[in-house]
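Starting off with a structure, shown below.
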Amino acid sequence: MKKGLLFLSLLLTLLNITSHAQDKWSLQRCVDYAVANNISIKQSDIQARISRLTLNQSKLSQIPTLGFGSGLGVNSGRSQNPTNYSLQTNTYLYNNFGVQTSVTLFNGFNLHNTIAANHYAWQAALASSDKLKNDISLNVANAYLQVLLGREQEEAARLKLRLSQSQLEITRKQVKAGALPELNAAELESQVAQDSSTYITSSGNVVQSILTLKAYMDLDASVAFEVDTPPVESIPIEKLSDLQPEAVYSLALNNQPQQKMDSFQVESARRTVLATKGARYPNLTMSGNLQTNYISTTQQQANPFLTIDTIGKVVGSNTPVINDRAVGYTISNVRTPYFSQLNQYFSQNIGINLNIPILNNGILRTNYAKSKLNLRNQELQRDQDNLTLKQNIYQAYTAAVTALQKFEANKITVDATQKSSDYAQKRYGVGMLNTIDLLTNENNLFNAKINLLSSQYDYVFKMKVLEFYKGLGIKLSKE
């Protein structure tokens, strides 16, 4: 037994030195790490980015389209000449260029409402990411408080073990002196063994709580980790009178990400209804294009043979007057230069186009009906989430009141059991109380302190939940 207790003391000392050497994590640091590394939050952020890209693309749909095209090839056989539109049977090289543009002038405000719908969808995606961050933060805070509670319980079990060890040493001395029977020492040895088991269990629970906290943080389980342990009495808590459920609910409707997300989704669905309705109206667009062509065919050209005829003489000087006269022709093939053709055959076009949807297999009408049903569904989801929020706040308030009452009752229990334990120690010291009764009193005091710690941390967490709904966040310090 002595060797086991010595080994346990050395182990506790080593653990204490190691824990002090590690960097301590505050709640804020744990929350920040979880938010930065949680895979679900990263996926939610990606969805928000996708929504942002969709919004940007819909905005770019307002500007005119512009395209450039060019073709190069060889044509053989009978075909239409793209420059003079005559039918020819030959082989030639062709090259063409074209620039096209179009812009929507009116489409029943379909594009305008689509942009607005995508904007609200993007805002909803951001709110969804914030909601996930809040949920992770709340889980991390709960796990963090469980670690603090485990530390307190571990410390209480350690103190109880040391007290039992001290009593065992005193009793052994009294047994050796003949003042007490051997049975008293045996009973205390059993109690020390039981307290050792309780302490080991408490230490294991702390490790399990830390692993749970690491899991919420997405932190590698093998990483050295030690939480900062502020005294539970120093954790700031709002007054319960300032956290009345109806007032908290009114604030939560405006600050909770779930409610913001619902609001954005409803507005996005409402704009989608207007967009699908606008798609049923006539669509007016303006378009234009520039184009030119080149072909490698040759054209025949007649070249006349000229002769000079004298048609008279100038009076006075007798100078002959001559005139050119064609007496025949020669045929030659002439090819228009490349850039001369591009300039010669350059053409422009601009026009306005009207498209009126008449029969489209009911697609536009069906899309409009679906969008209205989706809007109603989003409104119902918003109402359901608001109802759930109100129920959660009232339940959290009731739980906080109950936790406070339990905490106050446990404080009274600890005071009473402490007095009983003190009297038992005195009576045992003068031989007026047997060991079993002494151990019973001490166990009652230990259990009362453990219950007090549990109820105190439970009360703190319940209050932190109410503060969270109020929009104050979760913090364990006044900073």
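The values are calculated or read from the model by the stated rules, or taken from the named source; none is laboratory data. Predicted model, so just to flag it, every value in this text is computed and none were measured. Neighbour counts are summed over all protein chains in view; Cβ atoms, including those assigned to glycine, are modelled from backbone coordinates with ideal geometry. Calculation scope for accessible area: heavy atoms of the full protein, side chains included, ligands and nucleic acids excluded. Shrake-Rupley method; radii C 1.70, N 1.55, O 1.52, S 1.80 Å.
Identify, by number, the condition in (1) free of Cβ contacts under 8 Å to residues at least 24 places away in the same chain; (2) surrounded by 19 or more Cβ atoms within 10 Å (Cβ to Cβ) that ALA127 doesn't meet.
The failed condition is (1).
Continuing with this model, one more query. Let me confirm something: among SER250, SER202, SER241, SER190, which residue is free of Cβ contacts under 8 Å to residues at least 60 places away in the same chain, of a type in the set (S, T, N, Q), part of a helix (DSSP H, G or I) and touching a helix residue (DSSP H, G or I) at 6+ places or on another chain (Cβ under 7 Å)?
None of the other options fit; the residue is SER202.
Looking at the structure I just gave you, is ALA400 open to solvent by less than 30 Å² (accessible area, probe 1.4 Å), in contact with a helix residue (DSSP H, G or I) (Cβ under 7 Å, 6 or more places away or on another chain), over 21 Å from LEU188 (Cα atoms) and aliphatic (A, V, I, L, M)?
For ALA400, the condition - open to solvent by less than 30 Å² (accessible area, probe 1.4 Å), in contact with a helix residue (DSSP H, G or I) (Cβ under 7 Å, 6 or more places away or on another chain), over 21 Å from LEU188 (Cα atoms) and aliphatic (A, V, I, L, M) - is met.
Kindly provide the set of residues from the stretch 346-393 that are closer than 18 Å to ASN110 by Cα, of a type in the set (S, T, N, Q) and exposed (fewer than 14 other Cβ atoms within 10 Å of the Cβ), ordered by number. Before the answer, list the steps.
From the stretch 346-393, those closer than 18 Å to ASN110 by Cα are 353-358, 360, 362-372, 374-375; that's our starting set.
Imposing the further condition that a residue be of a type in the set (S, T, N, Q) reduces the set to 353, 355, 360, 366-367, 371, 374.
Result: ASN353, ASN355, ASN360, THR366.
Further, regarding this structure: Going by what's in this entry, would ASN90 be described as under 41 Å from the mean Cα position of the chain (by Cα), among the polar types (S, T, N, Q) and either surrounded by 16 or more Cβ atoms within 10 Å (Cβ to Cβ) or modelled with pLDDT under 90 (or both)?
no
Ok, one more. Quick one: which of GLN153, GLN146, GLN174, GLN167 is open to solvent by 60 Å² or more (accessible area, probe 1.4 Å), of a type in the set (S, T, N, Q) and on the phi < 0 side of the Ramachandran plot?
On inspection, the qualifying residue turns out to be GLN146.
Being modelled with pLDDT of 90 or more, open to solvent by 30 Å² or more (accessible area, probe 1.4 Å) and outside any strand (DSSP E or B), is that true of even one residue in the stretch 64-72?
The answer is yes, given that some residue of the stretch 64-72 is modelled with pLDDT of 90 or more, open to solvent by 30 Å² or more (accessible area, probe 1.4 Å) and outside any strand (DSSP E or B).
Would you mind stating whether LEU445 is surrounded by 15 or more Cβ atoms within 10 Å (Cβ to Cβ) and closer than 30 Å to GLN174 by Cα? Show your work before the answer.
Values: surrounded by 15 or more Cβ atoms within 10 Å (Cβ to Cβ): yes; closer than 30 Å to GLN174 by Cα: yes.
Judged against the criteria, LEU445 is a match.
Between a first residue in the stretch 157-180 that is free of Cβ contacts under 8 Å to residues at least 60 places away in the same chain and a second residue that is of a type in the set (A, V, I, L, M, F, W, C) and assigned to a loop (DSSP other than H, G, I, E, B), which pairs have beta carbons less than 8 Å apart while being 6 or more apart in sequence or on different chains?
Matching pairs, first to second residue: GLN174/LEU180.
Let me ask something additional. Mind listing just one residue for me: the one in the stretch 23-48 that is outside any helix (DSSP H, G or I) and of a type outside the set (Ser, Thr, Tyr) and, of those, surrounded by the fewest Cβ atoms within 10 Å (Cβ to Cβ)? Before you say what the answer is, go through the steps one by one.
Going residue by residue through the stretch 23-48, those that are outside any helix (DSSP H, G or I) are 23-26, 38.
Okay, now just the ones that are also of a type outside the set (Ser, Thr, Tyr), so 23-25, 38.
Numbers: ASP23: 9, LYS24: 12, TRP25: 20, ASN38: 20.
The qualifying residue surrounded by the fewest Cβ atoms within 10 Å (Cβ to Cβ) is ASP23.
Every residue in the stretch 274-294 that is open to solvent by 20 Å² or more (accessible area, probe 1.4 Å) and among the hydrophobic types (A, V, I, L, M, F, W, C), please.
Correct list: LEU274, ALA279, LEU284, MET286, LEU290.
To keep it simple, each residue is scored yes or no on (1) in a strand (DSSP E or B); (2) aromatic (Phe, Trp, Tyr).
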site	(1), (2)
THR101	yes, no
LEU111	no, no
ALA116	no, no
TYR120	no, yes
GLN123	no, no
ALA141	no, no
ARG158	no, no
THR171	no, no
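How many residues does the stretch 216-238 hold that are loosely packed, with under 14 Cβ neighbours inside 10 Å and in a helix (DSSP H, G or I)?
Matching residues across the stretch 216-238 total 2.
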